[in-house]
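None of the figures in this text is laboratory data; all of them are computed from the coordinates on show. Quick caveat, the model's predicted, so the values are computed rather than measured. Cβ: placed from backbone, ideal geometry, glycine included. Neighbour counts: every protein chain shown.
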Ligand SMILES: [Zn+2]
């Protein structure tokens, strides 16, 4: 218990900059003949009717859950290394300037959405029945938020990625449950990142993780060294550089939300 509290504290407030490690991953991929593709570039290849190369591909997706400053450092590093990746921003991390720069430099910029979890937080109701009863309204909020973001950015968003919140784990309903073929069509979106055509085509899905175990499952460098054909790597700023103020804010927010869930769950069950 004390060890895990210390690890969380270290990870949030003392973690040294790990951008050198990020660079090591990029360089290892390049040196081993992997091509970095954005998610839509890869999607084009797997859905194309003509024969296109789908081997030795490295897809790096950044979910910007917190800390836009570190996201900017990822971008700087990737420009320096001459690669393109995919970035997904939440309502709380939207940074129009950075998103425009990324977009016009050929990176994928998408919306990291969480309307199911947010709806429950706003309404202080955490039952799955409540979510299913209100799905139409939740979908309308998603469409409105997306439209507003596109208006602010001045370009069309092509792809979205579902954020995983503790409320989703509680509900056992992921945010991407609001995405249907009809919603994709109405919103003019090409895909949601948990689309099975994508996830089932990866040889391996690697993800970063909090200190002290920096990767969930295999690390991307191990995946490269094991000759995995199509590597999808998901990373979050929080695990690459400590941002004490951001993390403190985020922890307080989570604490407040956690308390609200506890109180309102008791009310629902009582
Ligand atoms: Zn997320």
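In the chain, the DSSP-assigned H stretches of four residues or longer account for a calculated mean residue ellipticity at 222 nm of -15000 deg cm²/dmol, using -39500 (n - 2.57) per stretch and the full residue count as denominator.
Distance from the Cα centre of segment 250-266 to that of segment 205-226, in angstrom? Cα centres, segment 250-266 to segment 205-226: 30 Å.
P(r) tail for the chain, what percent of Cα pairs lie past 22 Å?
On the way: 21668 of 36315 pairs.
Pairs farther apart than 22 Å: 60 percent.
For residue 31 and residue 199, what does the FRET efficiency come to when R0 = 22 Å and r is the distance between their Cβ atoms, rounded to the nearest 0.05? Between residue 31 and residue 199 the formula returns 0.25.
When peptides 164-171, 77-84 are ranked by their average number of other Cβ atoms within 10 Å per residue, the highest-first order is 164-171, 77-84. Subtracting the Cα-Cα distance from 0.36 nm times the residue separation, let me have the gained length for residue 255 to residue 20 in nm, one decimal. Length gained, residue 255 through residue 20: 81.4 nm. Altogether, the Stokes-Einstein calculation at 20 °C and 1.002 mPa s, with the Kirkwood radius of segment 122-270 over Cα pairs as Rh, returns a diffusion coefficient of 117 µm²/s.
Could you order peptides 33-45, 102-114 by the average number of other Cβ atoms within 10 Å of their residues, highest first?
Details: 33-45: 18.6, 102-114: 20.7.
Going by the mean number of other Cβ atoms within 10 Å, highest first, we get 102-114, 33-45.
Each 5 Å bin from zero holds the following percent of Cα-Cα pairs in segment 186-270: 3, 11, 13, 13, 12, 14, 15, 12, 4, 2, 0.
Over all directions, how big on average is the projection of the convex hull of the alpha-carbon atoms in segment 221-270, in square nanometres?
Details: hull surface 24.7 nm².
Spelled out: convex hull of the Cα atoms, projected over all directions, averaged, 6.2 nm².
The order of the peptides 51-61, 227-237 by mean Cβ neighbours within 10 Å, most packed first, is 227-237, 51-61.
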